[in-house]
Amino acid sequence: VGEILEDIHYNLTKQTARALQHREENPPASPEAALEEAASLVNQFLARIPAVREVLMTDVQAGYDGDPAAYNTDEIILSYPGLYAIFVNRLAHELFLLGVPLIPRMMTEYAHGLTGIDIHPGATIGRRFFIDHGMGIVIGETAEIGDDVMLYHGVTLGGRSLEKVKRHPTIGDRVTIGAGAKVLGPVEIGAD
């Protein structure tokens, strides 16, 4: 594990330093400054991994509890595309919150290509989140999703504005959104 973390730290620091050059505001003054800032960001990111893992385990349990066809949690972890998309998004979201440009979006677009589930890294997602089947799901940047939420395939939590404001839905706790539903704009779906 130590060797893997060293490798991740080294490579992610290099890639983050490159990505910082694309920041619109206040790009690094030099390659050395970019590398120093990147190392700090990667350290902060790696420190958040245990908390992300804890939340992911609630997502695994939600998948098991929410799908009567699942035989065990190993099946959820190893074969459910919804969990893969959530896993990638939760890591990308942490990098997004740290202000790392490009990399979080690249991560979620990679997962999108594999799963058909498009979750912007800026979306805020609560605990025990489950995506059943998943193909065609879109969750926009300013979407906010509470705890114990389940989405079925084809759900869109989309925007209706091009302005840089809250433009996506807010979904309360304990909500299930059925297949093909389109929830657009900064509307709120309350709890339960």
Cα-based reach from LYS182 at 13 Å (exclusive), listing aspartates and glutamates while leaving out same-chain residues under 8 positions away: none
Using the Cα centre of region 147-192 as the reference point, and only Cβ charges (+1 on K/R, -1 on D/E), how large is the resulting charge dipole? Debye, rounded to the nearest 20. 340 debye
Looking at GLY116, LEU91, THR73, which one has the Cα that reaches farthest to the positive end of the dipole of region 52-133 (charges on Cβ: Lys, Arg +1; Asp, Glu -1)? LEU91
Please work out the FRET efficiency for the pair LEU98 and GLU3, using the Cβ-Cβ distance as r and a Förster radius of 25 Å; give the result to the nearest 0.05. 0.55
Counting each DSSP H run of 4 or more residues in the chain as -39500 (n - 2.57), what helix-only mean residue ellipticity at 222 nm follows after dividing by all residues, to the nearest 500 deg cm²/dmol? -16500 deg cm²/dmol
Reciprocal mean inverse distance between Cα atoms of region 78-192 - Kirkwood radius, Å: 13.8 Å
Compute the long axis of helix 103-115 from its Cα atoms, compare it with the longest principal axis of the Cα atoms of the chain, and write down the angle in degrees, 0 to 90, nearest 10. 40 degrees
In whole angstrom, and with the biggest value first, how far do the Cα coordinates of region 64-134 range along each principal axis? 39, 24, 16
Kirkwood Rh over alpha-carbon pairs of region 35-82 plugged into Stokes-Einstein at 37 °C, 0.692 mPa s gives a D in µm²/s of 262 µm²/s
Cα extents of region 1-69 along the principal axes, largest first, in whole Å, come to 54, 31, 17
If you average the C-alpha positions of region 46-88 and of region 111-164 separately, how far apart do those two centres end up, in angstrom? 15 Å
Over the Cα atoms of the chain, what radius of gyration and what Dmax do you get, in Å? 17.4, 55
Ignoring ligands, DNA and RNA, what percent of the accessible area of the chain is carbon or sulfur (1.4 Å)? 57 percent
How far, in degrees from 0 to 90, does helix 81-97 lean away from the longest principal axis of the Cα atoms of the chain, to the nearest 10? 40 degrees
Taking only protein heavy atoms and a 1.4 Å probe, what accessible area per residue, in Å², does the chain have with all protein chains in place? 54 Å²
What aspartates and glutamates sit close enough to LYS166 to cross-link, taking a C-alpha to C-alpha distance under 20 Å and skipping anything fewer than 8 places away on the same chain? GLU94, ASP118, GLU141, GLU144, ASP147, GLU188
Does anyone have the angle between helix 31-66 and the longest principal axis of the chain? Alpha-carbon axes, 0 to 90°, nearest 10? 20 degrees
Would you mind giving the average projected area, over all directions, of the Cα convex hull of region 85-124 in nm² with one decimal? 2.2 nm²
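The values are calculated or read from the model by the stated rules, or taken from the named source; none is laboratory data. This is a predicted model, so every value here is computed, not measured. No Cβ is skipped: glycine too gets one built from the backbone with ideal geometry, and neighbour counts run over all protein chains shown. Only protein heavy atoms, including side chains, enter the accessible area calculation; ligands, DNA and RNA are left aside. Shrake-Rupley method; radii C 1.70, N 1.55, O 1.52, S 1.80 Å.
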